[in-house]
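The next block holds one structure in the form of structure tokens; read it before the comments.
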Amino acid sequence: MKRTFIAVKILPGKTVIDILHDFKRILSGDKIKWVNLDVMHITLNFLGDTKEDMIPEIIEIIKKVSVRYPSMQLEFSGIGLFRNIRDPRVIWIGMQENKILSEIKYNLDLDLKKLGFRMDDRAFRPHLTLGRVKYIRNRDFLEDLLVKYKEKKVQVSDISEIIYYESILKPEGPEYIPLYKAKLGK
């Protein structure tokens with residue numbers, strides 16, 4: 001078994017890096033697991049524990065879906081939280097709605113469901129995770145940062161491929177190994 005997911009890789013620009021450094025500096029006394037900038041991505045489908053003999057079928061699905069869609073640009077802006085300020089769990093950078101990315105996810109979901117994968121019932125909310133909150137004492141500092149960056153235009157990213165990853169959990173953070181990269185378009 002391999003723990004796998006399908007995603008688009010995001011190369012963080014200067015603004016993302018600056019925002020992350022600002023959060024780390026101001027919230028340095030809190031227990032937050034900050035993301036490694038080298039592995040930033042938007043998850044399309046988290047498959048979890050995957051039988052190795054299913055991997056070729058999953059790759060075929062990714063190939064079939066990816067050729068139907070062109071390269072695209074994703075626009076990132078604003079900072080938010082999953083849960084709420086009283087019980088923050090994830091600090092993220094938001095993404096403007098993108099119909100192409102939403103269609104790709106929807107079509108991957110349909111085909112993966114046929115293989116027996118259970119797809120998330122929640123609405124697709126693409127975002128860049130900055131950190132996972134374990135414990136926070138300085139909620140006022142966090143709230144100030146959220147207000148500061150609420151409307152901030154962050155970056156535009158060119159996306160030309162979908163990547164199928166294996167995720168290996170390690171104490172220092174997850175390691176993501178590309179199993180397959182599918183170019184968008186024909």
Which numbered condition Trp92 misses (of (1) touching a Ser or Thr at 6+ places or on another chain (Cβ under 6 Å); (2) surrounded by fewer than 18 Cβ atoms within 10 Å (Cβ to Cβ)): (2)
Residue that is in contact (Cβ under 8 Å) with a residue 40 or more places away in the chain, out of contact with any Leu (no Cβ under 8 Å at 6 or more places or on another chain), among the small types (Gly, Ala, Ser) and surrounded by 17 or more Cβ atoms within 10 Å (Cβ to Cβ), where the choices are Gly78, Gly48: Gly78
Test: residue in the range 132-152 that is more than 30 Å from Thr50 (Cβ to Cβ), at pLDDT below 95 and in contact with a Ser or Thr (Cβ under 8 Å, 6 or more places away or on another chain): yes
Checking Thr15 against (1) out of contact with any helix residue (DSSP H, G or I) (no Cβ under 8 Å at 6 or more places or on another chain); (2) among the β-branched types (Val, Ile, Thr); (3) part of a strand (DSSP E or B), the condition it does not meet: (3)
Any hit, the range 159-171, residues being within 15 Å of the chain's Cα centre (by Cα), over 28 Å from Lys51 (Cα atoms) and modelled with pLDDT of 95 or more: yes
Selection count, the range 99-119, where residues are under 27 Å from Val16 (Cα atoms) and surrounded by fewer than 17 Cβ atoms within 10 Å (Cβ to Cβ): 4
Evaluation of Val90 against (1) within 30 Å of Met54 (Cα to Cα); (2) under 16 Å from the mean Cα position of the chain (by Cα) (one fails), failing number: (1)
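The values are calculated or read from the model by the stated rules, or taken from the named source; none is laboratory data. No experiment lies behind these values; they were computed from the predicted model shown. Cβ atoms come from the backbone with ideal geometry, glycine included; neighbour counts cover every protein chain shown.
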